[in-house]
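Any read-out appearing in this document is the output of simple, stated calculations on the displayed coordinates, not a laboratory observation. Only a predicted model underlies this, so the values are computations on that prediction, with no experimental measurement involved. Neighbour counts are summed over all protein chains in view; Cβ atoms, including those assigned to glycine, are modelled from backbone coordinates with ideal geometry.
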Amino acid sequence: MVTAIILVVLLIILIAYPVSIYNKLVSLRNRFKNAFAQIDVQLKRRYDLIPNLVNVAKQYMEHEKETLEAVIQARNQAVQSEKAVAEQPDDPEAMQKLMGAEQNLSGSLGKLFALSENYPDLKANQNMMQLSEELTSTENKIAFARQSFNDAVMNYNTAREKFPSVVIANMFSFNEARLFEVDVEDERKAPEVSF
């Protein structure tokens, strides 16, 4: 009788432990998917602001049609990439495409703002100033949401790589999640200071 009780307890432990690991991985995966949903909200806001910004700039920057079109094209590419990741935030290939599209969009916007320096009337335009401020605020929110997402991905990846979780993760296709990193050259360069 004692042997039967010990076997039943061992059997329960052998079943309960893998189930708890599985449930923890599900929980962590859902956490990083939710964290991406927060990025998604801010990206959509950013994508909605960009056409308004381009329309205001269009009035002043008649000779910069190429730059304006590049911004809109980069925005459209980013929107498509974002939709793919929103459907499946744990797809590393979709995340890679989104990171590339975001980098391209940031570069195009940077060029637009650099060119806008040549148009004092545009810089002084109330709508342009307001849109620029909203875009900056949204960029800050994206950065905070991206940090939260990356933290959640790091927790998930760490949990799935530990033993014995790695066995359960491989059995049930808990694939490695990709961090959301946008590599902007200007952010990595050391600032030049001259006196």
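Evaluating Ala37 against the criteria (1) in contact (Cβ under 8 Å) with a residue 40 or more places away in the chain; (2) surrounded by 18 or more Cβ atoms within 10 Å (Cβ to Cβ); (3) under 23 Å from Ser173 (Cβ atoms); (4) of a type in the set (A, V, I, L, M) leaves one unmet condition, (2). Among the residues of region 9-27, are any within 20 Å of the chain's Cα centre (by Cα) and of a type in the set (Phe, Trp, Tyr)? No.
In the set (1) in contact with a Lys or Arg (Cβ under 8 Å, 6 or more places away or on another chain); (2) touching a residue at least 40 places away in the same chain (Cβ under 8 Å); (3) exposed (fewer than 14 other Cβ atoms within 10 Å of the Cβ), the condition left unmet by Glu117 is number (2). Looking at Leu10, Leu49, Leu28, just one residue is under 18 Å from Asn175 (Cα atoms) and part of a helix (DSSP H, G or I), and that residue is Leu28. Within region 152-168, the residues that satisfy the criterion of being touching a residue at least 12 places away in the same chain (Cβ under 8 Å) and either of a type in the set (Ser, Thr, Tyr) or not in a helix (DSSP H, G or I) (or both) are Tyr156, Pro164, Ser165.
Listed conditions (1) in contact with a Lys or Arg (Cβ under 8 Å, 6 or more places away or on another chain); (2) part of a loop (DSSP other than H, G, I, E, B); (3) more than 29 Å from Arg29 (Cβ to Cβ) are all met by Leu135, apart from (2).
Only one of the listed residues (Leu98, Leu131) is surrounded by 13 or more Cβ atoms within 10 Å (Cβ to Cβ) and within 27 Å of Phe174 (Cβ to Cβ). That residue is Leu98.
Picking from Lys111, Lys123, Lys65, which residue would you name as being exposed (fewer than 13 other Cβ atoms within 10 Å of the Cβ) and among the basic types (Lys, Arg)?
Details: Lys111 fails: exposed (fewer than 13 other Cβ atoms within 10 Å of the Cβ); Lys123 fails: exposed (fewer than 13 other Cβ atoms within 10 Å of the Cβ).
Result of the check over Lys111, Lys123, Lys65: Lys65.
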